[in-house]
Amino acid sequence: MTSTDSISAASEAATAPPGEAGGVLGSRYRALTLGIISVVSLIAFEASAITTAMPFAARALGGVGLYAFAFSAYFTASLFSMSVAGQWSDRSGPLGPLFTGIATFGAGLVLAGSAQQMWMLVAARAVQGLGGGFVVVSLYVVVGRAYPERLRAKILAAFSAAWVVPVLVGPVIAGSVAEQLSWRWVFLAIPVLILLPLAVMLPALRTLPRAEAGGAPDRRRIALALAVAVGAGLLQYAGQDREWLALVPAVAGLALLAPSIARLLPKGTFRAVRGLPSVVLLRGVTVGAFLASESFIPLMLVSERGMSATAAGLSLTGGGLTWSLGAYTQSRSRLEPYRQRLMCLGLVLMAVAIAIVPLVLLDGAPVWLVAVSWIIAGYGIGLNVSSSAVLALELSPAGEEGVSSAALQVSEALGNIVLVGVAGVLFGAFGGGTVGEGAHGAPDAAAPHSAFGAVYVAMAAVALTGAVVATRLRAKGRVRLA
């Protein structure tokens, strides 16, 4: 949590109603808040550290050809567990899925650190993904049930703040450990670190009210979640193969994914129906456009401007800091009546920033233009991501916070795969496939400027479309999901 968040929480604690025991760091919520933020920070560290260590692992295991699957396996498995975690949390509370998720996530890390072949590492990453999906959804449910509505924006802003330090130090630490010791320790060291925050937050978690829904699990939703995960996996597999036979798994994947996701998300999501459906749609649009744009920045700076991979990566760090600042901004109580306008503003800022990025390709344009534009984009997405979680909890019927949180996460995951995929297709269609790999992993040929331009024009348009969707986030009533 940032120092600004801490000051804000302390100030609010002094003026809060006695029955609510102050702000997120007040006596009633302090242990739970610190435990949640510690877990989020460790997950953030894992994400940034393992991305750095994965090239070492792939080379050591002789599995560079399966490199992409080490990431997609995590994503595909989490699609399934997110949906299961949602109804599990609604049925019996978030404690079960949270601890199951943490245990599964830790087991996946141990399996990955012990892998002797690349396919074993890919399978271990899938186990991690199952655990990660359980954890992220159940944490949102904890927020919805443990904190009063006036504090939800603040604790969700702290979620974003918890990513800042890990994103900055994770790659440096992971790189040093992988080079000086072994890539295996990047995986094996993290499970031990999770034990302390669990011990801190367990007493508070045990006091959460149990859900009233009860009953048997909805097998139809579980089957739909499995179909979505398998369909997404087939599409990703097809995307790795440029032969015409890849159309077979692609068609099969789409046939599974399209009808299942339409039933798994709130009715009217893809028509931007006012209220919760638009909130869920906007999460996927926002995060997908941001990630698709960010993914091509290092490649563009290395191949077109001759920067080192480290320097190109550093140009994105400002965006991580302002993401946290944007999340803090939306958490201010006096801005609550303007949440929808803030989200619309955030999408406009993102669109402008994304459109600025390819200007660095013009003769004489300074490379720092990218860093500045990504500072703006980070602030824009920071205004949106935490706000969408606040609105989803606000618009969810009592007892369905888990399903709503799962819908947000599924939408985000799908937005990532669809928009990153679209960006890749555009890049290749405009000649970007001419970029090759040199002796040290850096591109050895330049891509046409039009290839990068196509990506950023398309993603800027997606962000502007999101700004339109952001005008439809409020509804008169609450939408039931299940």
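The values are calculated or read from the model by the stated rules, or taken from the named source; none is laboratory data. Quick caveat: nothing in here was measured; it's all calculated off a predicted structure. Here the Cβ positions follow ideal geometry from the backbone for every residue, glycine too, while neighbour counts run over all protein chains shown. Only protein heavy atoms, including side chains, enter the accessible area calculation; ligands, DNA and RNA are left aside. Shrake-Rupley method; radii C 1.70, N 1.55, O 1.52, S 1.80 Å.
Can you pull the one-decimal nm distance between simple spin-label points at Ala429 and Trp119, each 7 Å off the Cα toward Cβ?
Here the answer is 3.6 nm between the modelled labels.
Mind giving me the FRET efficiency for Val165 and Ala262? R0 is 51 Å, r the Cβ-Cβ distance, nearest 0.05 is fine.
0.85
If R0 is 30 Å, what FRET efficiency do you get for Ala47 and Val348 from their C-beta distance, rounded to 0.05?
For Ala47 and Val348, the calculated efficiency is 0.60.
Going highest first, how would you order 25-38, 368-381, 262-275 by mean Cβ packing within 10 Å?
Per-residue Cβ counts within 10 Å, averaged per peptide and sorted highest first, yield 368-381, 25-38, 262-275.
Just by accessible area at a 1.4 angstrom probe, what is the order of Leu61, Leu391 from largest to smallest?
Solvent-accessible surface, decreasing: Leu61, Leu391.
Give the accessible surface of the stretch 254-310 per residue, rounded to a whole number of Å², with probe radius 1.4 Å and ligands, DNA and RNA excluded.
Here the per-residue accessible area is 38 Å².
Add +1 for every Lys or Arg and -1 for every Asp or Glu among the other residues with Cβ under 14 Å from the Cβ of Pro358, and state the total.
It works out to a net charge of -2.
Hey, with R₀ at 45 Å, roughly what FRET efficiency would Arg150 and Arg271 work out to, going by the Cβ-Cβ distance, to 0.05?
0.90
What nm value, rounded to one decimal, do you get for the distance between Ala199 and Ala311 when each label is placed 7 Å out toward the C-beta?
Those two pseudo-labels are separated by 4.7 nm.
Place a point 7 Å from Cα of Val367 in the direction of its Cβ. Which residues in the stretch 318-354 have their backbone N less than 18 Å from it?
Of the residues in the stretch 318-354, 318-319 have backbone N under 18 Å from the label point off Val367.
Can you sort Asp90, Asp363 by solvent-accessible area, 1.4 Å probe, largest first?
If we order Asp90, Asp363 from most to least accessible, we get Asp363, Asp90.
Give me the percent of the accessible area of the stretch 104-194 that comes from carbon and sulfur atoms, probe 1.4 Å, all protein chains in place.
Whole-percent figure for carbon plus sulfur exposure: 71.
From the protein chains alone at 1.4 Å, what is the descending order of accessible area for Arg341, Arg184, Arg305, largest first?
Per-residue accessible area, sorted high to low, gives Arg341, Arg305, Arg184.
Let me make sure I get this right: for the stretch 98-179, a, b and c are the square roots of the gyration tensor eigenvalues over alpha carbons, sorted descending. Under 1.5 in a/c it's rounded, otherwise prolate if a/b > b/c, else oblate. Which is it?
The shape class here is oblate.
Could you tell me the accessible area of Glu412 in Å² (1.4 Å probe, neighbours in place), rounded to the nearest ten?
My reading of the accessible area for Glu412 is about 50 Å².
With a 1.4 Å probe and all protein chains left in place, how much of the accessible area of the stretch 255-348 comes from carbon and sulfur atoms, in whole percent?
Details: 2440 of 3810 Å².
Summing carbon and sulfur atoms, their accessible area is 64 percent of the total for the stretch 255-348.
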